[in-house]
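Remarks on the structure that follows.
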Amino acid sequence: MIYSQTLDKLRALRLEAMAEALEEQRRQSNITELDFEDRLALLVERQCLWKENRGLAARLKSARFKINATLEDLDYHSSRGFKRAQIDQLRASQWVTNHRNCLITGLTGSGKTHLGCALGHQACRDGHRTLYFYAPKFFRALETARADGSLFGFFKTLSRTALVIIDDLGIATVSGKLYREFLEMLDDRHGQGATLITSQFPVEQWHEIIGDATVADAILDRLVHNAYRLKLEGESRRKNKKPPSEDRG
């Protein structure tokens, strides 16, 4: 009777994993070989692990990564230009904790999105809330938020996000007004959060992409001075993939 009541109370407290672990212990004939503190430690560990996994799943879902990539997937033997020493500096997500930025450049198809999503995935693993945006969609979201009056709320959401990823900056034409709002977002996040930008254009060409020299200077000042910079090399990986008909042959 007491055991049943204990299970009910654990579930009422939303300690589902602990309740499940307790039931498993009851079915183990040798569990009595462990003392009370060891058994309790196992129950608490199960609940903590369940909570961590649930939190990670929520962060990954909220991030909306374009692709499911992890740092373990990286091929350091390819011609992409992945440098293990650079990746290891970013692996523990300390750069996110320290509110630093990461700029990844390279030709179309060189693996920028893959690496950006992998670093974002690692940040989620390490407990950081992350949001991924494909650059054209990000600027459309800015434009829509300005039009419907929700821009302040959008900026507030971004300011509370540990890592914001903008993928493929410069791939589409963006108005000066939107770049000024982009600058406002960066200013809100400066010293408060980390930003990861990927682009097929070298950082040295971003002034030309942005157009307005004053705005460009301000944007780059907030992005570059404390940023890790990774330049990927090689031709597009997509060019090396065989058409489906060839794969079947």
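The values are calculated or read from the model by the stated rules, or taken from the named source; none is laboratory data. These numbers were taken from a predicted model, which means no experiment stands behind them. Because the Cβ atoms are built from the backbone with ideal geometry, glycine has one as well, and the counts that use them run over all protein chains shown.
Only one of the listed residues (Ala17, Ala58) is among the aliphatic types (A, V, I, L, M), within 30 Å of Asp168 (Cα to Cα) and surrounded by 11 or more Cβ atoms within 10 Å (Cβ to Cβ). That residue is Ala58.
Counting only residues that are closer than 23 Å to Glu181 by Cα and either touching a strand residue (DSSP E or B) at 6+ places or on another chain (Cβ under 8 Å) or at pLDDT below 95 (or both), give me the helices (runs of 4 or more DSSP H) lying completely in region 93-169 with at least 2 of them.
135-148, 151-159
Looking only at region 192-214, count how many residues are surrounded by fewer than 18 Cβ atoms within 10 Å (Cβ to Cβ) and either farther than 25 Å from Arg84 by Cβ or among the acidic types (Asp, Glu) (or both). Result for region 192-214: 11.
Can you tell me how many residues within region 28-42 are of a type outside the set (A, V, I, L, M, F, W, C) and in a helix (DSSP H, G or I)?
Residues that pass the stated criteria total 5.
The C-beta contact set for region 53-69 (first residue part of a loop (DSSP other than H, G, I, E, B), second residue charged (D, E, K, R) and at pLDDT 90 or above, distance under 8 angstrom, 6+ apart or interchain) comprises Lys66/Asp167.
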